[in-house]
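The values are calculated or read from the model by the stated rules, or taken from the named source; none is laboratory data. Computed from a prediction, not measured in an experiment: that's the story for all the values here. A quick note on method: Cβ atoms are made from the backbone with ideal geometry, for glycine too, and the neighbour counts reach across all protein chains shown.
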Amino acid sequence: MDFLKLFDACVRETKPRLEGYIPPTSLEVTLKESDIGLDSLDVILTLVLLSDIYGIPETEDFNIPTTNLGAVYDYMMENKKQDFDTVEAAMESVT
């Protein structure tokens, strides 16, 4: 499954207004508002949704590194309890 597409789908699910949002094109993109157009609440909501998709307990949400999407991806892959073959299947599991 393409993590960048999944991240984008999670942003679109949690952020009601997408003005200023810059869809990521690589795992090197930072989660700073100036780079991706998400404020801190947007980032938190997106990471909580990603954690839910991967079956990571809510108590772990504050342990997710936020330096860049690569760090988020690595954390999710190391801690996931479940996985999906497609972005669509992943999103259906939480909507």
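Against the numbered list (1) outside any helix (DSSP H, G or I); (2) out of contact with any helix residue (DSSP H, G or I) (no Cβ under 6 Å at 6 or more places or on another chain); (3) crowded, with 16+ Cβ neighbours inside 10 Å; (4) not aromatic (Phe, Trp, Tyr), ASP42 comes up short only at (1). Here PRO57 clears all of (1) surrounded by fewer than 16 Cβ atoms within 10 Å (Cβ to Cβ); (2) out of contact with any Lys or Arg (no Cβ under 9 Å at 6 or more places or on another chain); (3) at pLDDT below 95 except the condition numbered (2).
Restricting attention to region 53-78, the residues that are more than 18 Å from VAL43 (Cβ to Cβ) and outside any loop (DSSP other than H, G, I, E, B) add up to 3. Within this structure, LEU27 fails the test of being in a loop (DSSP other than H, G, I, E, B) and either touching a Pro at 6+ places or on another chain (Cβ under 7 Å) or buried (at least 16 other Cβ atoms within 10 Å of the Cβ) (or both). If you go through region 36-92 and pick out every residue that is out of contact with any Phe, Trp or Tyr (no Cβ under 9 Å at 6 or more places or on another chain), farther than 19 Å from LEU18 by Cα, of a type in the set (D, E, K, R) and free of Cβ contacts under 8 Å to residues at least 12 places away in the same chain, you end up with 4. Listed by first and then second residue, the pairs with beta-carbon distance under 7 Å, at least 6 apart or on different chains, first residue in region 1-14 and surrounded by fewer than 17 Cβ atoms within 10 Å (Cβ to Cβ), second part of a helix (DSSP H, G or I), are MET1/VAL87; MET1/ALA90; ASP2/VAL87; LYS5/VAL87; GLU13/LEU49; GLU13/MET91.
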